[in-house]
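The values are calculated or read from the model by the stated rules, or taken from the named source; none is laboratory data. As the structure is a prediction and not an experimental result, all values here were calculated from the model. Here the Cβ positions follow ideal geometry from the backbone for every residue, glycine too, while neighbour counts run over all protein chains shown. These area figures cover heavy atoms from the full protein model, side chains too; ligands, DNA and RNA do not enter into them. Shrake-Rupley method; radii C 1.70, N 1.55, O 1.52, S 1.80 Å.
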Amino acid sequence: MPCCPRLMPVLALPAVALVAFAAPVPKVAVVPISAMNAAQVRVLDEVDRRADRITRGPGKGELTVLDRTAGVEVLDENTLRPLRKPVKDAHPITLATSPDGKLVAWTERNKTTYTVLRTDTDKSFDIELKDDPDHAAFSPDSKLLAIGSTFWDPRAEGAGHTEVRLFDATGKLLRTLARSGAGSAKPVFSPDGKTLAVSNRNYEPRLFDVATGKLLHVLDKKMTQEVAFSPDGKVLATAHVDGTLALWDTATGKELRSAASGCKELYSVDWSPKGDVLVTSGRQGPIVVWEPGRLAKLKELDAPAWVIQVRFVSDSTRFITSSALDLSAKSGRKFTIWGLPNNK
């Protein structure tokens, strides 16, 4: 009877070796833009798309984009893929979305009303302003809506007044804030919702107490475009028509520091969600990344003639600009995504 073949011994491998074979490929860390690495910021991608206004939210990882021609869309902030259209059958010229995503407010060209839509019921109501509507903003808790408007006196060029009114979520008027000279008002709530900053295209920005409507401070520099609170609410950044970026102590209303951006007119300013860097954009000048403590330029980026908006994404790893090749804003409209080379 033939002998059974001899079995070869099985080689026992160390447990650590077996684990090594199954180990996943490590992921490349995605690094936020900071003062330490801002010099490395560059173009990551460009997308042919129009936008007159970009805001973070309302959902996590979302951006709301307003194009006065095509309407409003909510995008995924990482892929810029369209997610939904919160406003249908309308062409807003300015828009505000509540942080909880349940309310959208907008006005259209040649109207004196703001329309407020409840997205959960698809029901809407109008708020009559009588004057020319300006910009609007919801409070962080989504319970208040601030709307600016301007009355232009037909008897004298440039005469009139601008004011901001506070409404509750049902459209009930709660209080009207002190007037300033005629201009385009942009209200912005502080992160804790206790203070309201109001910019004015022709006059000084103002700070108001939300609970009482009391005027707290008039900031000593005229002709303001966009304003933005730092994430802790202690500092207000203001972008000015003369190209200046200024920082203000919100408790005292005193200027902390200011600097020329290099733009002929500064349109937009945004803090990184971490609060350690600022970015600005405007007309005929660079996009600038700033260190706010010294208001030092960390990086100047070549830009088209018209960069109307700049916004960080929620994790501070990138920011997005909306631009055009010429000042008419009719040609070469695009989004540019900026970030660190390893974040692409």
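What to note about this one:
- Additional length obtainable on full extension of the chain from Asn110 to Ala90, 0.36 nm per residue less Cα span: 5.9 nm
- The Rg/Rh ratio for the stretch 286-344 is 1.00, where Rg is the radius of gyration of the alpha carbons and Rh is the Kirkwood radius.
- Cα gyration tensor, the stretch 242-318 - rounded (a/c under 1.5), prolate or oblate: oblate
- The stretch 189-344 - percent of accessible surface contributed by carbon and sulfur, probe 1.4 Å: 48
- Only Lys, Arg, Asp and Glu carry charge here, each on its Cβ (+1 for the first two, -1 for the last two); on that basis the stretch 300-341 has a dipole of about 220 debye about its Cα centre.
- For the chain, size of Cβ-based charge dipole, Lys and Arg +1, Asp and Glu -1, in debye: 460
- Across the stretch 87-97, coupling constants 3J(HN,Hα) worked out from phi with the 6.51/-1.76/1.60 Karplus curve, θ = phi - 60°, read 10, 10, 6, 8, 10, x, 9, 7, 8, 9, 10 Hz, and Gly and Pro carry x.
- Directionally averaged projected area (convex hull, Cα atoms, the stretch 32-169), nm²: 11.2
- Here the 3J(HN,Hα) profile of the stretch 161-168, calculated from phi with Karplus coefficients 6.51, -1.76 and 1.60 at θ = phi - 60°, is 8, 10, 8, 10, 10, 9, 10, 8 Hz, Gly and Pro shown as x.
- Taking the C-alpha atoms of the stretch 223-270, convex hull volume expressed per residue in Å³: 60
- Across the chain, the volume of the C-alpha convex hull divided among the residues equals 212 Å³ per residue.
- All distinct Cα pairs of the stretch 170-290 go into the 1/r average, and the inverse of that average, the Kirkwood radius, is 14.5 Å.
- Whole-number accessible area per residue in Å² for the stretch 126-243, which is evaluated in the context of all protein chains at 1.4 Å: 44
- Projected label distance in nm at Phe151 and Leu295, using a 7 Å step from Cα toward the beta-carbon: 3.5
- Fraction of accessible area attributable to carbon and sulfur, the stretch 48-169 (%, probe 1.4 Å): 46
- Taken over the stretch 92-172, the ratio of Cα radius of gyration to 2.2 N^0.38 Å equals 1.13.
- Whichever lysines have a C-alpha closer than 29 Å to that of Lys264, once near sequence neighbours (fewer than 8 apart) are set aside: Lys186, Lys221, Lys222, Lys234, Lys254, Lys274, Lys297, Lys299, Lys330, Lys334
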